[in-house]
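Enquirer: Would you mind keeping the following structure in view while I ask a few things?
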Amino acid sequence: MNPEVRRAAEILRAGGLVAFPTETVYGLGADASNPAAVERLYRVKGRPADHPVIVHFDSMERALALSREVSEEARTLGKRFWPGPLTLILKRSGKAKDFVTGGQDSVGLRVPSHPVAQALLKEFGGGIAAPSANRFGRISPTTAAHVREDLGKDVDLVLDGGPSDVGIESTIVDLSGANAVLLRPGGISREEIEKLISLKEKQGDSPRHSGGLEQHYAPRTPARLVSSHQLDKEISRFGARVAVLAFSRPDERVDYWLRMPRDASGYAQKLYGALRELDGARCELILVEAPSETPEWAAVNDRLRRACARE
Ligand code: TXA
Ligand code: MG
């Protein structure tokens, strides 16, 4: 056993906070059965107390013990996608306390596949409550360095597992109501889920689900999505210091630009690091060349729309 992982599990048992890598983004973990630890987690994160948090386990069996009613659909999705970038919202059992569910009757469960997350969860043995390891409303971290930049000394230990493979948060499927609903597109596509179960459209937007708030995952610099054919025109129109996220070098001169991969999974993997880098470029505006609207880009487009949303 890696001594860092053992130390991390001890910190969790003592009520501390540990940031750890997952295949989606880094999580900020606390013992899901310890109210004081979870309270500190919310304080560091800057998250409202009535927002629920995902509880992570090393196995499907342990995860499902937090639900009082495990449907056939839940088992089907769990068997196919766990360990992996999927979160299921299920009716909670008595083991899922108000302080992790935000007082709701449902609980968010995930079994991550990252080897360091798996090692930590096994060593710890219980559930780890973990939102993404960023301050509320900011860009999720995909490296240990991002976590340290954001949370500094407020976290007791950061486990470094290299850059996250998927790069954006897990897909969330809500199975706690009458119909299965996709709450957040992510590492697993809607199409992959729909091969196994049928999904209904989301009815309105629950404010309890913070990833559902309009402006989320946002850089500090104002950002805008523009179509490929308008990119050069928009660059010249602004005349300000502009940073650009694009698929190829803009014809117009820009202060800072980054080239993004043309495939959706490569793009997702680089997205948050790229937004952080552009945010640090001291420009007045970030222009993002919009990817295509085809299904494989749904999760990336969801995050880009939120990054570019302004009240
Ligand atoms: O990939 C991920 O899911 C990462 C890694 C660390 O696992 N975690 C993550 O957590 O993105 P967080 O807290 O940043 O986003 C989880 C979302 C939040 O919007 C939360 O409100 C929602 O899941 N959620 C959790 N439990 C819920 C529940 N019982 N009902 C509705 N939404 C829930
Ligand atoms: Mg988050």
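The values are calculated or read from the model by the stated rules, or taken from the named source; none is laboratory data. Bear in mind that the values here come from a model prediction, so they are computed numbers and not experimental data. Ideal geometry is used to build each Cβ from the backbone, glycine not excepted, and the neighbour counts take in all protein chains shown.
Enquirer: Any idea which of V44, V70, V55 is β-branched (V, I, T), part of a loop (DSSP other than H, G, I, E, B), modelled with pLDDT of 95 or more and out of contact with any Phe, Trp or Tyr (no Cβ under 6 Å at 6 or more places or on another chain)?
Expert: Numbers: V44 fails: part of a loop (DSSP other than H, G, I, E, B); V55 fails: part of a loop (DSSP other than H, G, I, E, B).
Just one listed residue meets the conditions, V70.
Enquirer: Taking only the range 258-311 into account, find how many residues are part of a helix (DSSP H, G or I) and of a type outside the set (A, V, I, L, M). Break it down stepwise before answering.
Expert: We begin by selecting, within the range 258-311, every residue part of a helix (DSSP H, G or I); these are 264-279, 295-307.
With the extra rule that they be of a type outside the set (A, V, I, L, M), the set shrinks to 265-267, 269-270, 272-273, 276-277, 279, 295-297, 301-303, 305-306.
Within the range 258-311, residues that are part of a helix (DSSP H, G or I) and of a type outside the set (A, V, I, L, M) number 18.
Enquirer: Does the range 168-197 hold any residues that are surrounded by 21 or more Cβ atoms within 10 Å (Cβ to Cβ) and not in a loop (DSSP other than H, G, I, E, B), and which are they?
Expert: T171, I172, V173, D174, I193
Enquirer: Check D98, D105, D31 and return the single one that is modelled with pLDDT of 95 or more, in contact with a strand residue (DSSP E or B) (Cβ under 8 Å, 6 or more places away or on another chain) and surrounded by fewer than 17 Cβ atoms within 10 Å (Cβ to Cβ).
Expert: D105
Enquirer: Could I ask something else about it? Note down all Cβ pairs under 9 Å where the first residue falls in the range 73-89 and is free of Cβ contacts under 8 Å to residues at least 60 places away in the same chain, the second is away from ligand 2 (no atom under 16 Å from the Cβ) and polar (S, T, N, Q), and they're at least six residues apart or on different chains.
Expert: W82/S59; W82/S113; P83/S59; P83/S113; P83/Q118
Enquirer: Right, here's the next one. In the range 284-307, what residues are buried (at least 21 other Cβ atoms within 10 Å of the Cβ) and over 20 Å from H229 (Cα atoms)?
Expert: Correct list: A299, R303, A307.
Enquirer: Also, quick follow-up: Taking the residues in the range 127-137 that are crowded, with 19+ Cβ neighbours inside 10 Å and part of a loop (DSSP other than H, G, I, E, B) as candidates, determine which candidate is farthest from the chain's Cα centre (by Cα). Give the derivation first.
Expert: Of the range 127-137, the ones crowded, with 19+ Cβ neighbours inside 10 Å are 127-134.
When the remaining residues are screened for being part of a loop (DSSP other than H, G, I, E, B), the result is 127, 130-131, 133-134.
Working: G127: 18, A130: 10, P131: 8, A133: 9, N134: 10 Å.
In this case the residue turns out to be G127.
Enquirer: Is it fair to say D160 is more than 15 Å from ligand 2 (Cβ to nearest atom) and either farther than 21 Å from G103 by Cα or in a loop (DSSP other than H, G, I, E, B) (or both)?
Expert: Details: more than 15 Å from ligand 2 (Cβ to nearest atom): yes; either farther than 21 Å from G103 by Cα or in a loop (DSSP other than H, G, I, E, B) (or both): yes.
Judged against the criteria, D160 is a match.
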